[in-house]
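The structure appears below as structure tokens.
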Amino acid sequence: MSQISRHIHINGIVQGVGFRPFVYNLALKHNLSGWVRNSASGVDIEVTGELAFLSIFQQELSTNAPPLAQIDTIDSHQIEPQPSEGFQIISSEDQDTAFIPISPDIAICGQCKAELFDHNDRRFRYPFINCTNCGPRFSIIKNIPYDRPQTTMATFAMCPDCQKEYDDPQDRRFHAQPVACPECGPQVWIELIPGKKYLEKDDAIRDSRRLLKEGKILAIKGLGGFHLACDATNPSAVRRLRQRKNRPAKPFALMAFDITSIRKYVEVTEEAEKLLTSPQAPIVLLNKKYTPGIADEVAPGQSTLGFMLPYTPLHLLLLEPEPGYPDAFVMTSGNLVEEPILHTNQSAREKLSGIADAFLLHDRPIFRRIDDSVFATVQTEPYHFRRARGFAPNPIRLNQTLPQVLAVGPQMKNTFCLTRDKYAFLSHHIGEMDNWETYQDYQKAVRQYEELFRIEPQAIGYDLHPDYTSTKYALERSTSENIPKYPVQHHHAHLAACMIENGCEPDAQVAGFIFDGTGYGTDGTIWGGEILIGNCYDFTRFAYLKPVPLPGGDVTFQKPSRMALSTLWAFDVPWADHHPPVQALTNLEREILKAQLNNKLNAPLTSSMGRLFDAISSLIGIRQTITYEAQAAIELEAIADPNELGYYPFQMDEDQIIIKPLLEAILADQNNGVSKSIIAAKFHNSIAHLTIKIARTIQEKLGISRFVLSGGVWQNRYLLERTLDLLHNNKLEALIHRQMPPNDGCVAFGQAVITSFRYMNDKE
Ligand code: ZN
Ligand code: ZN
Ligand code: FE
């Protein structure tokens, strides 16, 4: 039989996911000789054998690939016949400009979990157990190619047993870079006084459990950063955490040992269970059951709780059930308000000593901080709220090759985005850019992504808002590196993000219902209730909420009651003594407000949909002052009656949406004693109906039939599902975000694609 040789190159997520041992075993199975190696741009394979076997081999490369691998392309060509002497895994090769996607951090797998609780296993109760299919990746990788010396595991020398597993292609830990055991790997310890080791290893875990059970607050070093943890069934523990963290109401995330424990407190649908138990193991927002147990203080005013499952062996050991032991724990980010999540032992000791009663630490450094991801489900599919652990730095795949550009993202819920080839590397959640710490972290992260993925931006995209920190960063870099810059209107970025994510052509015309909090408009006012027509090059404003004043800017942001009165004022609806927002403010406050409105003093105009939700929440007496973003709107959604189908009217004045009839109808309902949950529901339904009505007009007038829904308001699932149902019933095609959040976490992606297409146009 004649032998032939082939060279095969594979692109995609193929490093750190057990791909080389898979290739090795596949080659042995089919009697092929040659080698496999990681390169900086994927995996290279050279194989020699009989043609028939070679073809099966190549087929099975994609059909039987390891669970975490994501193959983008397989290129293969015949080469000169090679001498055949067995099959080998050879060492990695680095190339300067090539690149390869990197695997995100992955939750502990079933096999490792079984070993963790197996008395006879040498890693019994070892908190850093991992394998080729699970464990830390992105959070410990300093550079590529992904090999142990380039990770924070570099300082741990493997013991002979671990080395044997690492070197054995038949072993499930073959080349698992973070491989470790109690003999040679990282260890945990607990500090009651910061800086003083109190107990270590199993004793530290036992003591942590004792403290948690007693209602103490623990700072726990996890995978991508610190958590603050306490017993979620203990109201005084949760209250204490709220006081110390200075976080009065914003919901806390929860962790429970298994699905059964979660099911006790919330409704877990089939699709939610799939998400919870996925290798990404995100936080999933689930509808509360009305069973007692979880302290009300965990998520006041909410109809949902955010749960996740333990995704590291350490979490499993801390949560392992035992009679009398709590079955749900608060696991909230270990940070100070609006600052990035802490990820080093020293910074946690310094910043969290006023909050935590004890510190459970370990000596495996976290190179890159990364938050937990947050999801909901919408129409039985996952829907992103925050994209971080388990997802970043997976790229968003594109239909066309893009130039290398940097998009710097917005001010709030910042992410940035870098493009090259057919990939958009949308960063993990960075956070609020007006915070100095966050901005420091941001600059570092941008440079790290550029280095990891070998990207040298040829153009920079940024938000129109002149005062955004990210805008300043973009302008500085554009000047110092002498590369062209492209300002992108905030809501245009939302539209482009949603259309490209859904595979539309960049020049296809779509209509965008961009319902958002704030964004700088082309006319210098604050936009946010926008119906835009456009594509990746340009857009027009088809319709928008008639602007109302935002007196005092930030003050009104914090006080929905001011927004409610300003909205009534703008539509000539008189304030009355019995209106909840009137009662929420003192006489003096109202006098000042009225003066600001009449004199147009420090009262910028806004068409924001988010502010309209605030105003209505206040108007019907739900929330007058907020302590976290979107609180008023979230509480309004939480009480809306799902069975109510009624809605309120609105009018159009050319391209302006006039909500005066809606306001008057709400006040009439209120006077007639209609309940808050009915009014809240009718208000939500009104926005859904408004959307459909305008969508039908757009279809009739312009022949556009695709509608993208983007902007933070679409995190409102009541509104979203109603709108999707109505669009569907009217045979209108709705496109929503599935790979990134609808909130400002998607803006950088939109900036990136707009910048890329404009830049390519300019070069022609
Ligand atoms: Zn594993
Ligand atoms: Zn070892
Ligand atoms: Fe936005």
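Below is a table of values for the structure above.
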| read-out | value |
| --- | --- |
| Matching option when the condition is within 16 Å of ligand 2 (Cβ to nearest atom) and touching a Pro at 6+ places or on another chain (Cβ under 8 Å), among Pro178, Pro182, Pro160, Pro169 | Pro178 |
| Criterion (out of contact with any strand residue (DSSP E or B) (no Cβ under 6 Å at 6 or more places or on another chain), within 25 Å of Tyr449 (Cβ to Cβ) and assigned to a loop (DSSP other than H, G, I, E, B)) met by exactly one of Ile129, Ile100, Ile144 | Ile144 |
| Inter-residue pairs, beta-carbon under 9 Å, first among the aromatic types (Phe, Trp, Tyr) and in the range 393-417, second assigned to a loop (DSSP other than H, G, I, E, B) and away from ligand 2 (no atom under 16 Å from the Cβ), 6+ apart | Phe416/Val408; Phe416/Gly409; Phe416/Ser427; Phe416/Ile430 |
| Qualifying residue in the range 489-501 (condition: surrounded by fewer than 24 Cβ atoms within 10 Å (Cβ to Cβ), in contact (Cβ under 8 Å) with a residue 12 or more places away in the chain and part of a loop (DSSP other than H, G, I, E, B)) | no |
| Phe124 vs. criteria assigned to a loop (DSSP other than H, G, I, E, B), under 30 Å from Ser41 (Cβ atoms), within 16 Å of ligand 1 (Cβ to nearest atom) and aromatic (Phe, Trp, Tyr) | no |
| Tabulated pairs, the range 712-736, first under 21 Å from Gln509 (Cα atoms), second open to solvent by 20 Å² or more (accessible area, probe 1.4 Å) and of a type in the set (Ser, Thr, Tyr), C-beta under 7 angstrom, 6+ apart or interchain | Leu732/Ser705; Glu733/Ser705 |
| Test result for Asn394, more than 16 Å from ligand 2 (Cβ to nearest atom), more than 16 Å from the chain's Cα centre (by Cα) and modelled with pLDDT under 95 | no |
| Some residue of the range 176-197 being assigned to a loop (DSSP other than H, G, I, E, B), more than 16 Å from ligand 1 (Cβ to nearest atom) and acidic (Asp, Glu) | yes |
| Test: residue in the range 58-68 that is in contact with a Pro (Cβ under 7 Å, 6 or more places away or on another chain) and assigned to a strand (DSSP E or B) | no |
| Search result, residues across the range 246-264 that are assigned to a helix (DSSP H, G or I), open to solvent by 10 Å² or more (accessible area, probe 1.4 Å) and in contact (Cβ under 8 Å) with a residue 24 or more places away in the chain | Ile259, Ser261, Lys264 |
| Tally of residues being small (Gly, Ala, Ser), within 21 Å of Lys250 (Cα to Cα) and touching a Ser or Thr at 6+ places or on another chain (Cβ under 9 Å) across the range 589-630 | 3 |
| Residue check for Tyr462: in a helix (DSSP H, G or I) and modelled with pLDDT of 95 or more | no |
| 1 or more residues open to solvent by 10 Å² or more (accessible area, probe 1.4 Å) and acidic (Asp, Glu): qualifying strands (runs of 3 or more DSSP E) within the range 324-438 | 381-386, 417-426 |
| Whichever residue in the range 714-743 is within 26 Å of Thr304 (Cα to Cα), open to solvent by 20 Å² or more (accessible area, probe 1.4 Å) and in contact with a strand residue (DSSP E or B) (Cβ under 9 Å, 6 or more places away or on another chain) and, among such residues, is farthest from ligand 1 (Cβ to nearest atom) | Ala734 |
| Residue among Gln59, Gln111 that alone is touching a residue at least 60 places away in the same chain (Cβ under 8 Å) and either within 16 Å of ligand 3 (Cβ to nearest atom) or exposed (fewer than 15 other Cβ atoms within 10 Å of the Cβ) (or both) | Gln111 |
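Yes or no, residue by residue, for (1) within 16 Å of ligand 2 (Cβ to nearest atom); (2) more than 23 Å from Arg369 (Cβ to Cβ); (3) polar (S, T, N, Q); (4) surrounded by 15 or more Cβ atoms within 10 Å (Cβ to Cβ):
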site: Ile90; (1), (2), (3), (4): no, yes, no, no
site: Asp105; (1), (2), (3), (4): no, no, no, yes
site: Glu115; (1), (2), (3), (4): yes, yes, no, yes
site: Pro127; (1), (2), (3), (4): yes, no, no, yes
site: Pro149; (1), (2), (3), (4): no, no, no, no
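The values are calculated or read from the model by the stated rules, or taken from the named source; none is laboratory data. Bear in mind the structure is a predicted one, so any value in this text is a computation, not a measurement. Reconstructed Cβ throughout: ideal geometry from the backbone, glycine too, with neighbour counts over all protein chains shown. We work out accessible area using only protein heavy atoms, side chains counted, and drop any ligands, DNA or RNA first. Shrake-Rupley method; radii C 1.70, N 1.55, O 1.52, S 1.80 Å.
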